[in-house]
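Comments concern the structure below.
The values are calculated or read from the model by the stated rules, or taken from the named source; none is laboratory data. Just so you know, these numbers come straight off a predicted model, no measurement behind them. Methodologically, a virtual Cβ is constructed for each residue, glycine included, from the backbone with ideal geometry; neighbour enumeration extends over all protein chains shown. Note: areas computed on protein heavy atoms with side chains; ligands, DNA, RNA excluded. Shrake-Rupley method; radii C 1.70, N 1.55, O 1.52, S 1.80 Å.
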Amino acid sequence: ASSGLSLSVSPNPSSGAVTFSLTSREMQRARVVVTDVTGREVAAVEAWATPEGASVRVDASGWAPGVYVARMWSGDGSASVRVTVAR
């Protein structure tokens, strides 16, 4: 990403926990917010994004099946990824 931030998720699709991988040009604090299609926040976590990549695990087992958007914000800007929950 031009902002220097990268966000990915695995497994995708998932029926349980997902792991977000956060990468940035330099170590910095980042906030990841997951919203459903209506814009309702279903999860929010803070973690360190690093050049080597850092990860944070989120339990998605209680989310309804569907598509979600995860957005990461940090000092360098933002990045996003779609997350699919299937049963």
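Some notes on this structure:
- On the stretch given as region 46-61, residues that are open to solvent by 30 Å² or more (accessible area, probe 1.4 Å) and under 19 Å from Arg82 (Cβ atoms) total 4.
- Residues satisfying the stated conditions in region 26-37, i.e. open to solvent by 20 Å² or more (accessible area, probe 1.4 Å) and either small (Gly, Ala, Ser) or over 15 Å from Val85 (Cα atoms) (or both): Glu26, Met27, Gln28, Arg29, Arg31
- Extreme residue, nearest to Gly4 (Cα to Cα), among residues of region 24-49 that are out of contact with any Lys or Arg (no Cβ under 8 Å at 6 or more places or on another chain) and hydroxyl-bearing (Ser, Thr, Tyr): Ser24
- Scanning region 3-25 for residues that are touching a residue at least 40 places away in the same chain (Cβ under 8 Å) and open to solvent by 50 Å² or more (accessible area, probe 1.4 Å) returns Ser6, Ser8, Asn12, Pro13, Ser15, Arg25.
- Neighbours by Cβ (under 7 Å, 6+ apart or cross-chain): first from region 50-73, over 16 Å from Leu5 (Cα atoms); second open to solvent by less than 30 Å² (accessible area, probe 1.4 Å) and modelled with pLDDT under 95: Ala60/Gly16; Ser61/Gly16
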